[in-house]
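Structure first, then comments.
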Amino acid sequence: MSTTAAGTTPVSLGRSIRAAREQRGLSLRELARRVNVSPSFVSQIELGKANPSVGTLYALVAELGTTLDDLIGGPEAAGPELVDADGPLPTDGTRVDVPVQPVEGRPRVEMSGVVWERLTHDHDPYVDFLHVEYAPGSSSCAPDQLMRHGGREYGHLLRGRLEVQVGFESYSLGPGDSIHFDSTTPHRLSNPYDEPCTAVWFVIARRDDGRLSGLE
């Protein structure tokens, strides 16, 4: 993983993927077959020697029956058990125990020029709330391999420019522009320009993805 920005904490994405795969009893070869990549590539991801594209990461998330938020949190993301006078409190993510995520220590994942930083302190079961960066020339997936997944996306561009393809339509976003769309529609995000772009991004209702039914 490349050097991270000041104030952020790099996440061992490969370790999280391996933990989720082993928890579900999937072999490395079977997971690779399901996401249509080579077993050696999955091995390199798990060892931290290769970064998946955004599209491949979403495919892994779907096949593992997990969420991006869970992977960014890491296999040790669950905090200590909380108790009150009546016994243990629920730890299913429905409580908000730490409402503020300072810039210092923000979990950060980088994938082929695309960087995601989680903006919630703890796992949130309802939304992926992210600060995203697209380096010049980077994209979420190949032009002929548009990604799709459950949920709905909302993005607000802070700096630079971003191309967003949703189905057969393409949109050019500049600073201050916003977009939202159904994530089940094939889509692609790319930065073909010479300057990096940054944005705030939400993905909600990812657990409505039918591919995850029975795996929650």
### Query
Looking at (1) within 16 Å of the chain's Cα centre (by Cα); (2) outside any loop (DSSP other than H, G, I, E, B); (3) small (G, A, S), which is the one condition that is false for S170?
(1)
### Query
Residues R159, R95: which one is among the charged types (D, E, K, R), farther than 29 Å from N36 by Cβ and modelled with pLDDT of 95 or more?
R159
### Query
What are the residue pairs meeting all of these: first residue in the stretch 146-174, first residue over 19 Å from V54 (Cα atoms) and buried (at least 17 other Cβ atoms within 10 Å of the Cβ), second residue at pLDDT below 95 and not polar (S, T, N, Q), Cβ atoms under 9 Å, and 6 or more apart or on different chains?
none
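Yes/no per residue for (1) among the polar types (S, T, N, Q); (2) closer than 18 Å to I204 by Cα:
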{"position": "P39", "(1), (2)": "no, no"}
{"position": "S43", "(1), (2)": "yes, no"}
{"position": "L47", "(1), (2)": "no, no"}
{"position": "T56", "(1), (2)": "yes, no"}
{"position": "A59", "(1), (2)": "no, yes"}
{"position": "L64", "(1), (2)": "no, no"}
{"position": "L68", "(1), (2)": "no, yes"}
{"position": "I72", "(1), (2)": "no, yes"}
### Query
Looking at the stretch 1-27, which of the residues that are exposed (fewer than 15 other Cβ atoms within 10 Å of the Cβ) and among the aliphatic types (A, V, I, L, M) is modelled with the highest pLDDT?
A5
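Could you list, in sequence order, all residues of the stretch 15-41 that are free of Cβ contacts under 8 Å to residues at least 24 places away in the same chain and assigned to a helix (DSSP H, G or I)? Break it down into steps so the answer makes sense when it comes.
Initially, the stretch 15-41 is screened for residues free of Cβ contacts under 8 Å to residues at least 24 places away in the same chain, giving 22-23, 25, 27-30, 32-33, 36-41.
If the condition is that a residue be free of Cβ contacts under 8 Å to residues at least 24 places away in the same chain and assigned to a helix (DSSP H, G or I), then E22, Q23, L28, R29, E30, A32, R33, P39, S40, F41 are the ones that fit.
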### Summary
Restricted to the stretch 28-72 and to residues being over 23 Å from H187 (Cβ atoms) and touching a Pro at 6+ places or on another chain (Cβ under 7 Å), the residue surrounded by the most Cβ atoms within 10 Å (Cβ to Cβ) is A32
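One line per residue, one yes/no per condition, for (1) within 19 Å of Y58 (Cβ to Cβ); (2) part of a loop (DSSP other than H, G, I, E, B); (3) modelled with pLDDT of 95 or more:
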| position | (1), (2), (3) |
| --- | --- |
| P99 | no, yes, no |
| H123 | yes, yes, no |
| A142 | yes, yes, no |
| G150 | yes, yes, no |
| H180 | yes, no, yes |
| T185 | yes, yes, yes |
| D194 | no, yes, yes |
| T198 | no, no, yes |
### Message
Looking only at the stretch 48-71, count every residue that is hydrophobic (A, V, I, L, M, F, W, C) and more than 15 Å from L31 (Cα to Cα) and tell me the total.
### Response
4
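The values are calculated or read from the model by the stated rules, or taken from the named source; none is laboratory data. Bear in mind that the values here come from a model prediction, so they are computed numbers and not experimental data. Reconstructed Cβ throughout: ideal geometry from the backbone, glycine too, with neighbour counts over all protein chains shown.
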